[in-house]
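The values are calculated or read from the model by the stated rules, or taken from the named source; none is laboratory data. Small disclaimer: the values here were computed from a predicted structure and weren't measured. Note: ideal-geometry Cβ built from the backbone for every residue, glycine included; neighbour counts use all protein chains shown. Side chains are part of the model used for accessible areas, which takes the heavy atoms of the whole protein and leaves out ligands, DNA and RNA. Shrake-Rupley method; radii C 1.70, N 1.55, O 1.52, S 1.80 Å.
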Amino acid sequence: MEDVEPRPGALRAARESAWARPVHTLYDRDFGRHQEATFPYLVRLADAQDPLLASSIEWAVQEHLVACAQGNGAPRIGGWLQRHDDEEEDADPAPSTVGHDPAGTSLARQLTDLMRQGSKSLIRIWDRRVLHTLRLAGQGIVWDKALRGIRGWHYLDHDLRLQTLAGAEGQPGRAHLLAAGQCADVLGLCGAVHRAQYLLLRHRFPLPQDIHDTLTEKVITARRSLDYVEDQAAYAAEAVSAPAFEHWPRLPWLLGVLQRTRQEMSDALDVWRAEWAGKPADHWRAQA
């Protein structure tokens, strides 16, 4: 049976019916390998008193806690956006009609353009974990130019602290998000680093201030022996949680076994953790 293409506008109409608010997709045909139904979109809230704002904050916290409990999860709520001209629009007594919201459409186009300016990996820029990681990595992104027209992009970081990125006033320009594409390496590590954060948050909260740099270092080490993101994350989280882990004399042997058998790192850690748990990093050196 052939797939039937939905009629144009059907998805937006369904979303607007469910939310009872204007919605604006960030999907563009240029991103052809993605389906619009799985692509992020904006929901236009009336103002700070809109009850959906409080609800969405609760949802964001809840999905974060569930991800921490499970050791992984992708945030669906990338944050809350304010335009520089929102105050002027809110002063207009005429309410926005569902499906007719030029300001929201303009903002969606601006964010779509922002994603297009970077490499293909930046298709995940709406994910607040990627946003915050790029910010922490200090990769030369000129955020006020990249977010021109956005008064505030508010989001929850990995410790559920509210963070804000602000753009300059004015219409979106063509300023590039990246400085000479130098974020590629950081983006390539995001999958393992973020998963490792969630694994750590199952037992530790808040995380240390330098956790991003520490996990990045551990993931880079893990990539020398482990091919899969899940294994790299498990290695990094264990290395942070148990200082003796990376000094265990049989670790090279274990990594070799994982490479040959495709046994999952998390399962292997459960079997062998008693070998290093609770020991100082110099335990085996002291015994020599």
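Provide a single number: the residues in the stretch 132-147 that are assigned to a helix (DSSP H, G or I), closer than 21 Å to Ile211 by Cα and without any contact (Cβ under 8 Å) to a residue 40 or more places away in the chain.
Looking only at that region, the number is 2.
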Check your understanding: Would you call Ala13 modelled with pLDDT of 90 or more and either assigned by the TED database to the domain that holds Val130 or outside any loop (DSSP other than H, G, I, E, B) (or both)?
Key -> yes
Review point. Looking only at helices (runs of 4 or more DSSP H) that fall completely inside the stretch 195-288, which ones have 2 or more residues that are within 28 Å of Leu136 (Cα to Cα) and open to solvent by 60 Å² or more (accessible area, probe 1.4 Å)?
Key: 211-223, 229-241
Practice item. Would you mind telling me which numbered condition in (1) more than 23 Å from Leu134 (Cα to Cα); (2) modelled with pLDDT under 95 Phe205 fails? Key: (1)
Check your understanding: Here are Glu58, Glu89: which of them is open to solvent by 30 Å² or more (accessible area, probe 1.4 Å), in a helix (DSSP H, G or I), of a type in the set (Asp, Glu) and modelled with pLDDT under 85?
Key -> Glu89
**Study point:** Selection status of Leu200, touching a residue at least 12 places away in the same chain (Cβ under 8 Å), at negative phi and more than 30 Å from the chain's Cα centre (by Cα)
**Key:** no
Review point. Which residue pairs have Cβ atoms under 9 Å apart, sit 6 or more places apart or on different chains, and have a first residue in the stretch 22-33 that is touching a residue at least 24 places away in the same chain (Cβ under 8 Å) and of a type in the set (S, T, N, Q) and a second that is part of a loop (DSSP other than H, G, I, E, B) and open to solvent by less than 60 Å² (accessible area, probe 1.4 Å)?
Key: Thr25/Phe39; Thr25/Pro40
Point to revise | Sole exception among (1) surrounded by 12 or more Cβ atoms within 10 Å (Cβ to Cβ); (2) modelled with pLDDT of 85 or more for Leu177, by number | key: (2)
Check your understanding: Out of all the residues in the stretch 92-107, is one or more exposed (fewer than 15 other Cβ atoms within 10 Å of the Cβ) and at pLDDT 85 or above?
Key -> no
Review point. Got at least one residue in the stretch 150-157 being at pLDDT below 90, assigned by the TED database to the domain that holds Arg109 and crowded, with 18+ Cβ neighbours inside 10 Å?
Key: yes
